Amino acid sequence: MVKHRRLVNLSKEVFAWLLSLVILVPFLMVLLNSVKSVTEAATMSLSLPSEFLFSNYLEVLKDKRIYSSFFNSLFLSTAASLITLVVSAMAAFVISRNRTRLNMVVYSIFLLGLVAPMNYVTTMKVMQMLNIINTYTGAYLLYSAIFIPFTVFLYFGFIGSIPKELDESAVIDGCGGGRLFFQVIFPLLKPVTVTAIIINFLNCWNDFIIPLYFLNSSDKWGMIMVMYNYFSTYISSWNLVSAAMILNLLPIIVVYAIGQKYIISGMTAGAVKG
Amino acid sequence: MYVNKIYSKKFILPALILFFLLFLLPSFMGFYYSLTNWNSMSEKIKFIGLDNFKEIFNDSGSFMFIKNTLMYAFFTTVLKVAIGLGLALMLNEGIKTKGLLRTIYFLPIIISNLIVGLMFQQVLHPSNGILNHALEFIGLSFLTQAWLEDPQWVMWSTIGVEVWKAAGFVMIIFLAGLQTVSKETIEASDMDGANYWNKFTKIIIPSIAPSILINTLLSVISGLKVFDVIFALTNGGPGRSSEVINITIFNQFSMGNYGYSTALGVLMFIFLAVISIGIIMIFTRKETNG
């Protein structure tokens, strides 16, 4: 019986690894194509290149836009995720601690943002009226507006598990609302804060819909948009396109490797509680 | 009084103002502008009643993108939930390298859809792509297709790519849900000689009902809203055969037909609201009936 179970588990393990190839092989293909010659890359196969042409990467890196777009992405993603987390944590704190009817209505309005589709055309109109269309300010404020519902939801669930007695003793010690939040509560929210930063950062980094609609000047584009532009220019050189894809994947994979635990816990916490 | 002073409403304002101005307000405005002829050609915006909606429903192309959107949302949801549950059950117990496998299965969800799209343009290439090569290699060459060029197949290909991308996410939520299945109940049923099917339908499924609901809901919502996967794979082509509602909205926006585009956005809003409420009602009724 025990032996039988061990055999079942072993075959399950082998099967699971074979299945993982479905995920891994496309990445491997891109990696191989990125060091092939133009003609070899055109076959898109998994065969090893006859010669490893790392020069493809140098060719891609010659394009100066890659560097500026990296910093554009970094700036936009950082600004958007920081603004989102501060305003969302503050709002979730007050709503969770003081559950008046009005506050709960506000909370459900935030949750509406998880389901409702964004209206791009009228958003453009509002951004024109506010004079922030085609600017960084407009872009990161818009990202924040989009990320706020999920982030408030994440914080709301977590703040409920922090004992309210803590607030009371801090207030008795003479803490005001602002100090109570920023010096006592906010440090305790660190796990959610890390999760929220990573998820929002990645979402912003990966997004290309907002620049497509609202950021027309190419000097403001992030890495993903520049890669898309690169693809349209070098459409027949899959080796260069693949090298550009790998360069784009690198920062994402690094963030994933560092923050995997937080990404997974954040996404499941949100989903399971909901 | 003490409560209202410490937990000041001012704390909610920054988030609420930002969300209101750049998300809610545009949605409300959409209802008005969908009734106008707003476009990039003329300065004046004229109220035209339900003309945009009439035009949408009289256009034979609309049937196509509505059908595609519903088909995409339905089949990605069914496949993602089924495959995600299968993966979760497989990884849940008895596998030593569970952590590493979970990391791999989850990986595609954090990759930009644009990269995924370009990657699968290569994988699904009719003559050189590795999918057709693999099919030929295992002797199934009759199954090879022009995955992204054949109007008959293109929607299924985009559905397949979405499942490839997001099944790992569904799996993660199911894995968390499976931790709530009581070990004692499973052991007791083992002693009573229950087979796997019985355990699955009578114990596991009811325990993870909340995860099934949330996965279904999230998949349907993201399926109806799909834009970037299809934009990067086919941009709605060949012709309009893989066009979904958000692609149409973008195309109409690019052509400067703002009123028409907004009307489509309003339709989508109504779609999503009705379907989400419907799903929640179906599931909650099931739960209360036991």
Step through the table entries A:125/B:225; A:164/B:10; A:12/B:199; A:220/B:46, compare each Cα-Cα distance with 31 Å, and write down the pairs that go over it.
A:220/B:46
Please name whichever of B:249, B:53, B:97 sits farthest to the positive end of the charge dipole of region B:47-288, dipole taken about the Cα centre and charges placed at Cβ: Lys and Arg +1, Asp and Glu -1.
B:97
With an 8 Å Cα cut-off and a minimum separation of 6 or more residues, compute the relative contact order for region A:64-233 in percent.
44
What does the charge add up to near residue B:80, with Lys and Arg as +1, Asp and Glu as -1, over the other residues with Cβ less than 14 Å from its Cβ?
0
Relative contact order for chain B, counting Cα pairs under 8 Å that sit 6 or more residues apart, in percent
30
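Give me the Kirkwood hydrodynamic radius of region A:85-220, using the inverse of the mean 1/r over all pairs of distinct Cα atoms, in Å to one decimal. Walk me through the intermediate numbers first.
On the way: mean 1/r = 0.0601 Å⁻¹.
Kirkwood hydrodynamic radius for region A:85-220: 16.6 Å.
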Distance cut-off 30 Å, percentage of C-alpha pairs in chain A lying past it:
48
In degrees rounded to 10, the 0-90 angle between helix A:120-129 Cα long axis and the longest Cα principal axis of chain A is 60
So for B:55, A:165, A:40, fewest C-beta neighbours within 10 Å to most, what's the order?
A:165, B:55, A:40
Subtracting the Cα-Cα distance from 0.36 nm times the residue separation, let me have the gained length for residue B:150 to residue B:201 in nm, one decimal.
14.4 nm
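Taking 8 Å as the Cα distance limit and 6 or more residues as the minimum spacing, I'd like the relative contact order of region A:2-56 as a percentage. Walk me through the numbers before you get to the answer.
Working: 31 pairs, mean separation 15.4, N = 55.
28 percent.
Quick check on the exposure proxy: order B:32, A:213 from fewest to most C-beta atoms within 10 angstrom.
Values: B:32 14, A:213 20.
Lowest count first: B:32, A:213.
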Which far-off residues, 5 or more places away or on another chain, put their amide H under 5 Å from the one on residue B:36, with H placed in the peptide plane?
B:48
Would the protein assembly as shown count as rounded, prolate or oblate if I go by the C-alpha gyration tensor, calling it rounded below 1.5 in a/c and otherwise prolate when a/b exceeds b/c, oblate otherwise?
rounded
Degrees between helix A:136-159 axis and first principal axis of chain A (Cα, 0 to 90, nearest 10)
60
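At 222 nm, what value in deg cm²/dmol follows for chain B if DSSP H runs of at least 4 each add -39500 (n - 2.57) and the sum is divided by all its residues, to the nearest 500?
Numbers: 15 runs with 191 residues, N = 290.
That comes out to -21000 deg cm²/dmol.
Using helices alone, I'd like the mean residue ellipticity at 222 nm for chain A: each DSSP H run of four-plus residues gives -39500 (n - 2.57), total over residue count, nearest 500.
Numbers: 12 runs with 205 residues, N = 274.
When only DSSP H runs of four or more count, the value is -25000 deg cm²/dmol.
Would you work out if chain B is rounded, prolate or oblate? Take a ≥ b ≥ c from the square roots of the eigenvalues of the alpha-carbon gyration tensor; rounded if a/c is under 1.5, else prolate when a/b is larger than b/c, oblate otherwise.
Numbers: a/c = 2.12, a/b = 1.24, b/c = 1.71.
Oblate, because a/c is 1.5 or more while a/b does not exceed b/c.
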What are the extents of the Cα atoms of region B:1-154 along their three principal axes, listed from largest to smallest and rounded to whole Å?
66, 56, 24
Mind sorting A:5, A:101 by how few other Cβ atoms lie within 10 Å of their own Cβ, fewest first?
A:101, A:5
If one takes the longest principal axis of the Cα atoms in chain A, at what angle in degrees, from 0 to 90 and to the nearest 10, does the Cα axis of helix A:190-206 lie?
40
In chain B, which whole DSSP H runs stretch at least 18 Å along their own axis (Cα) and average 1.6 or higher on the Kyte-Doolittle scale?
B:154-178, B:209-224
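Here, each number is a calculation from the coordinates, and none is a lab measurement. All values reported here derive from a predicted model rather than from experimental measurement. Note that each Cβ is placed from the backbone with ideal geometry, even for glycine, and that neighbours are counted across all protein chains shown.
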